[in-house]
């Protein structure tokens, strides 16, 4: 399969392809715990779980992972959100069946005969059906829990990477779940994902992204401008798809890009959840 062989013209960000498999597995010791919410393993980390974190700000970030699922990379990113004061929850809509399961190392291709279409269809069907109910269940539980702890209104945001980007846009098109969202190196986005937005969106993008190439990125921005949406575009030169989750931390520039992307996500959520409520 080539990066564009299954692409359809209506996509701005193409469905997952070979650029999504690559990356570096990071070292780390995630601080959260996993529990089941509506049949989906869910990683939950609170500011109190991460040493040196500030007092909880009372707000929640929903995390939608890339095709590596709830890898150590993803969990450490969520720990980073917790270290900024947010309670973070990440859904494993692959249920222990991420694409990395089928490769002996990060540099290996998928095995001969692997049916990528079937793999994606299976997990996309579960995610599409489960994510709205999961988000509603998380909101109901944690809005009450955190309000009891902090005495303030709890607001919700969402962030998605690669496979997770469409779920961010879907929630931002609603009225009552999240106040803001962000994605990095997205896949499987169509124009309607941008025209339907009702809440602010941060786009953290790579210059060299086969799934979201420059012409598609520019068209997406044109749509956002034409429709008067609230957005911010962040563009990193010289990096590719996956940089915000799977960049090589031994390369100083890749590490900086990854960390700067997370800083921007935190600052974006601080703007719309913390500063706008004060």
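The values are calculated or read from the model by the stated rules, or taken from the named source; none is laboratory data. Here the structure is a predicted model, which is why all the values come from computation and not from measurement. So basically every Cβ, Gly included, is an ideal-geometry build from the backbone, and we count neighbours across all protein chains shown.
The single condition from (1) under 21 Å from residue 186 (Cβ atoms); (2) modelled with pLDDT of 95 or more; (3) outside any strand (DSSP E or B) that residue 140 fails is (1). In the condition set (1) in contact (Cβ under 8 Å) with a residue 60 or more places away in the chain; (2) touching a strand residue (DSSP E or B) at 6+ places or on another chain (Cβ under 6 Å); (3) buried (at least 23 other Cβ atoms within 10 Å of the Cβ), residue 216 is compliant with all but (3). Suppose we keep only residues that are under 16 Å from the mean Cα position of the chain (by Cα) and assigned to a loop (DSSP other than H, G, I, E, B) within the range 210-242. Which one would you say is nearest to residue 193 (Cα to Cα)? Checked the range 210-242; the qualifying residue nearest to residue 193 (Cα to Cα) is 212. Checking 102, 43 one by one, the residue that is surrounded by 15 or more Cβ atoms within 10 Å (Cβ to Cβ) and under 23 Å from residue 265 (Cβ atoms) is 43 and no other. Restricting 118, 135 to those that are within 16 Å of the chain's Cα centre (by Cα) and in a helix (DSSP H, G or I) reduces the list to 135.
So is residue 204 under 20 Å from residue 73 (Cα atoms) and in contact (Cβ under 8 Å) with a residue 60 or more places away in the chain or not? Yes.
Taken over the range 148-179, the criterion of being without any contact (Cβ under 8 Å) to a residue 40 or more places away in the chain and under 15 Å from residue 64 (Cβ atoms) is satisfied by 166, 169, 170, 172, 173, 174. Considered as a group, the residues in the range 243-260 that are assigned to a loop (DSSP other than H, G, I, E, B) and in contact with a helix residue (DSSP H, G or I) (Cβ under 7 Å, 6 or more places away or on another chain) include one that is surrounded by the most Cβ atoms within 10 Å (Cβ to Cβ), and that residue is 247.
Would you please list the contacts, defined by Cβ atoms under 8 Å and residues six or more apart or on different chains, that run from a residue in the range 119-147 that is over 26 Å from residue 16 (Cβ atoms) to a residue that is loosely packed, with under 14 Cβ neighbours inside 10 Å and at pLDDT below 95? Once the first residue is over 26 Å from residue 16 (Cβ atoms) and sits in the range 119-147, its partners that are loosely packed, with under 14 Cβ neighbours inside 10 Å and at pLDDT below 95 give 147/153.
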